[in-house]
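Q: What follows is a structure written as structure tokens; I'll ask about it next.
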Amino acid sequence: MEILGKMKDSNGRKSALRNKMKILLSNEIGYCYGVEDAVEIAIQIARNNNGKKIYTYGYIIHNPETINLLQKQYGVATIENADDITETNSIVIIRTHGAKKGEIEKIRQRGIQVVDATCPFVIKTHRIVTALQKEGFFVVVFGKSYHPEVIGILGQVDLENISCVQTKEDAEKIDWKLKIACVFQSTVTFEDFSWAIVPLARKCYEFKIIKTICEVTVTRQKYSADIAKEVDTMLVLGGMNSSNTKKLVEMCKNFTKTHHLETIDELKQLNLSSLNKIGITTGTSTPMSVVEEAIEHLKIKYGAILEEETIAI
Ligand code: SF4
């Protein structure tokens, strides 16, 4: 490596460093702003609960370690729907991905305090969808129908005038409309659904596309690809049910061998001893503590060094 070649150390020292495994970190890792705020809100409320039971509506974020921490350290419970609330002297925190409008109203009607930790970017999509329906558009949401964010978006408006399109069959089922507008789940790419644009545009008189794709996930994919092109193996740290993490895994696989790891224990099972360069990236719900643990493990087990440490030598 160029940097090592410029070092003033003895030749023996140079070759020792040259043989060390290097770790390259992607430019954007750890929580995104939406997740960071939601976790902070949950921790603050749990700490100052005034004897109230704290629930999160769905998993606050898609990271099992954070959910365990909230559960074990602060007694925060997760509910799947409004009917799961057993204690009325409680506070319900709405997850980062948001929830159906009707569900939030149902909880409020029971006199239970609701704190909305939905990511501001997702809230913006809720507002867009509501406005589009008022303008007479039939709304198509491109994304995974089972994903909490998509469920929340669909649940903002009259279900007769909105539909999720995930497959070609979903698109075929939509009848001719006067006006169709399309929005996206925040973590998909435009290319994922480009196949649906022309068929849907043919089914209406007026057609609109609003790219409600989160910039954070787009740049994270770009930075991860940059690293993946340079390393022997990528480690993508993040929840198994995290859409944006799965997307990073798929994308990194185009360039190099890639492991999707949810926990550090999974990393410990791998034998990476033959590798020279390892890249690390994370989903938007992965705390920095997990990255630090991964680096620590690679340092202890393989004597690895962070690339920035080679520059500092
Ligand atoms: S990835 Fe984007 S939309 Fe999703 S929580 Fe983070 S900032 Fe919000």
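Q: Has the range 265-278 got any residue that is modelled with pLDDT of 95 or more and under 15 Å from the mean Cα position of the chain (by Cα)?
A: Checking the range 265-278: not a single residue is modelled with pLDDT of 95 or more and under 15 Å from the mean Cα position of the chain (by Cα).
Q: Also, quick follow-up: Pairs please, first residue from the range 113-132 and touching a residue at least 24 places away in the same chain (Cβ under 8 Å) and hydroxyl-bearing (Ser, Thr, Tyr), second anywhere and in a strand (DSSP E or B) and more than 10 Å from the ligand (Cβ to nearest atom), Cβ atoms under 7 Å, 6+ apart in sequence or on different chains.
A: THR118/ILE94; THR125/VAL183
Q: Which of the residues spanning the range 259-313 are under 30 Å from CYS214 (Cα atoms) and among the acidic types (Asp, Glu)?
A: GLU262, GLU266, GLU292, GLU293, GLU307, GLU308
Q: Could you grab me the full set of residues in the range 100-144 that are within 16 Å of the ligand (Cβ to nearest atom), touching a strand residue (DSSP E or B) at 6+ places or on another chain (Cβ under 9 Å) and basic (Lys, Arg)?
A: LYS144 - this is the single residue of the range 100-144 that is within 16 Å of the ligand (Cβ to nearest atom), touching a strand residue (DSSP E or B) at 6+ places or on another chain (Cβ under 9 Å) and basic (Lys, Arg).
Q: Read through the list (1) surrounded by fewer than 17 Cβ atoms within 10 Å (Cβ to Cβ); (2) assigned by TED's automatic domain parsing to the domain that holds PHE137; (3) not small (Gly, Ala, Ser), then give the number of the only condition that LYS222 fails.
A: Result: LYS222 passes all but (2).
Q: Hey, does the range 139-154 have a residue that's buried (at least 16 other Cβ atoms within 10 Å of the Cβ) and among the basic types (Lys, Arg)? Before you say what the answer is, go through the steps one by one.
A: Step one: list which residues in the range 139-154 are buried (at least 16 other Cβ atoms within 10 Å of the Cβ), which gives 139-144, 147-154.
Those still in the list that are among the basic types (Lys, Arg) too: 144.
Yes: the range 139-154 contains one or more residues that are buried (at least 16 other Cβ atoms within 10 Å of the Cβ) and among the basic types (Lys, Arg).
The values are calculated or read from the model by the stated rules, or taken from the named source; none is laboratory data. These figures come from a predicted structure and were not determined experimentally. All Cβ positions, glycine included, derive from the backbone under ideal geometry; neighbour counts span all protein chains shown.
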